[in-house]
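Asks: Here you go, one structure.
The values are calculated or read from the model by the stated rules, or taken from the named source; none is laboratory data. Since the structure is predicted, the reported quantities are computational estimates derived from the model, not experimental observations. Virtual Cβ from ideal backbone geometry, glycine too; neighbours counted across all protein chains shown.
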Amino acid sequence: MRSFIPVRVGVNGTERLRACGGALLGILITGLVMRWTLGPDIPVSLLIAPMGASAVLLFALPSSPLAQPWSIMGGNLVSATIGVACAVWIADPVWAATAAIALAIAAMLLLGCLHPPSGAIALTAVLGGPAIHAQGFAFVLAPVGLNSLLILLVAIAYNNATRRRYPHLAHPDAASTHDTRDASPMSRVGFTSADLDHVLRQFNEVLDINRDDLADLLRQTEMQAYRRRFGEVSCADIMSRDLITVEFGSTLNEAWTQLHAHRIKALPVLDRARRVIGIVTLADFFQHANLDGPVAISDKLRALLRRSPASHSDKPEVVGQIMTKAVRTATMDQAIVELVPLFSDSGLHHIPVIDEERRLCGMVTQSDLVAALYRGRLDQPLAAA
């Protein structure tokens, strides 16, 4: 009998309130706009019952493949069309309902827009009574199309406002970072994409989770297992603390001199309160020097670093004009295993470490991470003994 009792949903109270609030707003706004658009006296319901099931998916499971925009719009419109057609062409309501459900599922699977509440829409088109039958194919546009569009717009606004990415897009392919056929570094050890695809084909069932999200969860599980086995080493344990930094207004020549003199490849850019506002790297210099064509690299860099004699110039003059503003940072107590995907697949080489007020505390580089992981592997047998 235990198999009939599902595992308790593992989300906290805040997430539950967020889902309930979204469903409340979604249904309320959809109903009010439908009343304002069509008027309260039309012979069909302003809100169709399957919207309640759609609200559960859109606000409680926004990452589900069954809750994505094409699923709700395509699934609802296709199923409504099939349901109306079956009601018109098949006299017996039992056979019409049976055919509507089966054909709706087949069409949604074929078009990649599977949405469970759409089955109820197909059934509603057949068994909804004289008022819905009198609408004919107009039922597909209103209320089905309008209901679906309105609740979808609310879901897009609400989920993103409450920090839930929606639509839930697939993760970008990190393997193409260098425009080669090699798999991403994280995919060369452990399970590969091909392994996951093979297992999913063998499983041969529709899963209510995006394939990329499933791979993400499995890799995070691997990281958690690594953390449990080898202990917690934090950024504070391995970071460099004596750092060379620049400010927004530092000249390009000054920053380049610091990079060259200290044989480093990146400089954190700080404001006067030592908060990180950017990072300037060798790649930033090379990019803004336009290193292409027959002119020697040294000549182009020299032209970039040279101050312009005029007070107004289109050429970058200070660090703030060429720095990378969107800086990925880490905290002092963050486990270094969490930085592995950033270094291996995201192309990062340096990650500033900050405190609660975004003040710079240190820097972790790829070299620091490699040394720490290697040290952890050497220490592990000793710790086990």
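Asks: Picking from Gly74, Gly83, which residue would you name as being farther than 24 Å from Asn160 by Cα and part of a helix (DSSP H, G or I)?
Replies: On the way: Gly74 fails: farther than 24 Å from Asn160 by Cα.
Checking each option against the conditions leaves just Gly83.
Asks: Here is a follow-up. Restricting attention to segment 194-216, which residues are loosely packed, with under 12 Cβ neighbours inside 10 Å and either among the basic types (Lys, Arg) or part of a helix (DSSP H, G or I) (or both)?
Replies: Within segment 194-216, Ala194, Val199, Arg201, Gln202, Phe203 meet the criteria.
Asks: Same structure again: Taking segment 143-172 only, how many residues are in contact (Cβ under 8 Å) with a residue 12 or more places away in the chain and part of a helix (DSSP H, G or I)?
Replies: Taking segment 143-172 first, the residues in contact (Cβ under 8 Å) with a residue 12 or more places away in the chain are 143-152, 154-156, 158-159, 162, 164-168, 170-171.
When the remaining residues are screened for being part of a helix (DSSP H, G or I), the result is 143-152, 154-156, 158-159.
Count: 15.
Asks: Condition first: under 18 Å from Ile264 (Cβ atoms) and free of Cβ contacts under 8 Å to residues at least 12 places away in the same chain. Can you find one or more residues in segment 232-239 that meet it?
Replies: no
Asks: Are any residues in segment 11-41 within 18 Å of Arg163 (Cβ to Cβ) and either modelled with pLDDT under 90 or loosely packed, with under 10 Cβ neighbours inside 10 Å (or both), and if so, which ones?
Replies: Val11, Asn12, Gly13, Thr14
Asks: Taking Ala53 as meeting all but one of (1) surrounded by fewer than 23 Cβ atoms within 10 Å (Cβ to Cβ); (2) out of contact with any Pro (no Cβ under 6 Å at 6 or more places or on another chain); (3) part of a helix (DSSP H, G or I), write down the number of the exception.
Replies: Unmet condition: (2).
Asks: Taking segment 86-135 as the search range and keeping residues that are surrounded by 15 or more Cβ atoms within 10 Å (Cβ to Cβ), in a helix (DSSP H, G or I) and of a type in the set (Val, Ile, Thr), which one is nearest to the chain's Cα centre (by Cα)? Give the steps one after another, and end with the answer.
Replies: Going residue by residue through segment 86-135, those that are surrounded by 15 or more Cβ atoms within 10 Å (Cβ to Cβ) are 86-87, 90, 96-101, 103-105, 107-108, 113-128, 132-133, 135.
In the following step, the residues that additionally are in a helix (DSSP H, G or I) were identified as 86-87, 96-101, 103-105, 107-108, 117-127, 132-133, 135.
Next, from what is left, pick out any that are of a type in the set (Val, Ile, Thr): 98, 101, 105, 121, 124, 126, 132.
Values: Thr98: 38, Ile101: 33, Ile105: 28, Ile121: 30, Thr124: 35, Val126: 39, Ile132: 40 Å.
Among residues in segment 86-135 that are surrounded by 15 or more Cβ atoms within 10 Å (Cβ to Cβ), in a helix (DSSP H, G or I) and of a type in the set (Val, Ile, Thr), the one nearest to the chain's Cα centre (by Cα) is Ile105.
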